[in-house]
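The values are calculated or read from the model by the stated rules, or taken from the named source; none is laboratory data. Owing to the predicted nature of the structure, the values given are computational and were not obtained by experimental measurement. With ideal geometry, Cβ positions are generated from the backbone for all residues, glycine too; neighbour counts draw on all protein chains shown.
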Amino acid sequence: MNAASEKEQLEALGNWWKENGSSIVIGLLLGVSALLGGKAWLSYKETQALHASHIYTQMMSELNRNEAQKVRTSANELISNYTGSAYAPLAAMVLAKVAVDEGELDAAQAQLQWALDHAGLPEVQHTARLRLIRVLIGRQQYDEATGLLAATGERGVYAYLYTELEGDLAMAQGNQAMAAQAYKQALEAMPPESPAAGLLTTKYENVAAAGLASE
């Protein structure tokens, strides 16, 4: 390669760098920023999760001490500031429990609906739905309870709990025969070690005895 050709290539490279060098530097800077930003975002998410976990633990301690107002404060903080976390639906269910204890079923219904709408885990969804159905039965909103039961898809290990609720709904509507059938099916499907077996057995025996007495 002669000196002229080398000089021309250097000039071409210099011109190319003038035209494109700044964009390359910017690209590299953006890449580094994205990498550091990703790490910062992960760190932020981890910090948020730790904060939410701390607030949830605090809320449960307050619940055990029956400090309703403090429970509300902690739960509302989780719902407002950590909406996307797994703790927010749990906090809504805690608020629903407090509302039920105070006889405010309308507030409990609203909180359970929110929990159901925002729950990401199937276990939380089922728990919120089951409690919501119970509240709907308690408020005599039988059509809504029936619709929610009918709309439930895969019930899995929660199937016997939904069947028990079908019995509760039938009983509330005065259909003892349907209630007895549902309670019997729930008992047959319930795990034998379930702590709720005694109560469900009592429900079934009471409605079955009432049915026999009416014959």
Condition check for A92: at pLDDT 95 or above, under 16 Å from the mean Cα position of the chain (by Cα) and either surrounded by 21 or more Cβ atoms within 10 Å (Cβ to Cβ) or under 22 Å from L169 (Cβ atoms) (or both): yes
Six or more apart or on different chains, Cβ atoms under 9 Å: show the pairs whose first residue is in the range 200-213 and outside the structural domain of Q176 (by TED's automatic domain parsing) and whose second is surrounded by 11 or more Cβ atoms within 10 Å (Cβ to Cβ) and at pLDDT 70 or above. none
Does the range 131-151 contain at least one residue that is surrounded by 17 or more Cβ atoms within 10 Å (Cβ to Cβ) and under 24 Å from S61 (Cβ atoms)? yes
Sole miss for Q140 among (1) assigned to a helix (DSSP H, G or I); (2) in contact with a helix residue (DSSP H, G or I) (Cβ under 8 Å, 6 or more places away or on another chain); (3) not basic (K, R) is condition (1)
G147: passes all of (1) of a type in the set (G, A, S); (2) in contact (Cβ under 8 Å) with a residue 24 or more places away in the chain; (3) assigned by TED's automatic domain parsing to the domain that holds E104 but (2)
